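The values are calculated or read from the model by the stated rules, or taken from the named source; none is laboratory data. Just so it is clear, the model here is predicted, and its values are computed rather than measured. Here Cβ is always computed from backbone atoms with ideal geometry, including for glycine, and neighbour counts include all displayed protein chains. Only protein heavy atoms, including side chains, enter the accessible area calculation; ligands, DNA and RNA are left aside. Shrake-Rupley method; radii C 1.70, N 1.55, O 1.52, S 1.80 Å.
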Amino acid sequence: MSERNTKQKSVILKCLQEKSGDHMTADDITDYLKKKKMPVAKATVYRYLARLEESGLVKKYIISEQQPACYQYLGGSEPCLSHFHLMCQVCGQIEHFENDNLQKMFGDIKTNEGFFIDGRKTVFYGTCRNCTGD
């Protein structure tokens, strides 16, 4: 039984690694694995995503209570430590956003107030260019 579970974890992790630049929901992962002829139960996907999030390999984003959470594979590297995220509240698209002024502001807050703002958990919500028609 544990061998099968290990294989399931392995294909979930491989999916996340292959789609490392994407933000995927549990349904996206389940559908992707089904198309690859490696079906995994959605409950298994959720359980393993929770473990990966705890370990820091995956970042979880909650767009709204009406939409499922999405996940981004970090792979133990620190790409999401140096930038922020812009999330469209209409379509759910997430974009990486780097800004020296924000980095400086967060540094000033830490220096002056003794308060550390975790950039990995900093998401700016709004409407993307495609949804506004600009």
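The GNM of the chain, with springs linking C-alpha atoms under 10 angstrom apart, assigns the highest mean-square fluctuation among 116, 106, 124 to 116.
Taking the chain as a Gaussian network, where each spring joins two C-alpha atoms under 10 Å apart, which residue of 91, 70, 15 fluctuates the most? Top of the fluctuation ranking is 91. Over the residues of the chain, the helix contribution to mean residue ellipticity at 222 nm works out to -13500 deg cm²/dmol, using -39500 (n - 2.57) for each DSSP H run of at least 4. Given the choices (1) 1.24; (2) 1.03; (3) 1.06, Rg/Rh (Cα atoms, Kirkwood Rh) derived from the coordinates of this structure is entry (2).
Across the chain, Cα pairs under 8 Å and at least six residues apart give a relative contact order of 19 percent. For the chain, what proportion of DSSP beta bridges, expressed in % and rounded to the nearest 5, is antiparallel? Antiparallel bridges: around 75 percent, rounded to the nearest 5.
Cross-linked pairs 7/35; 14/42; 37/60; 60/110; 60/104: Cα-Cα separations exceed 22 Å for 37/60; 60/110; 60/104.
Annotation for residue 91 and residue 46: the two label points, set 7 Å from Cα along the Cα-Cβ direction, are 2.8 nm apart.
Using a 1.4 Å probe, what is the accessible area per residue for the chain, in Å²? Spell out each step's value before the answer.
Numbers: 8750 Å² over 134 residues.
That works out to 65 Å² per residue.
The angle between the Cα long axis of helix 2-18 and the main principal axis of the chain comes to about 40°, on a 0 to 90 degree scale. Taking the 1.4 Å solvent-accessible surface of the chain as the whole, the part contributed by carbon and sulfur is 48%.
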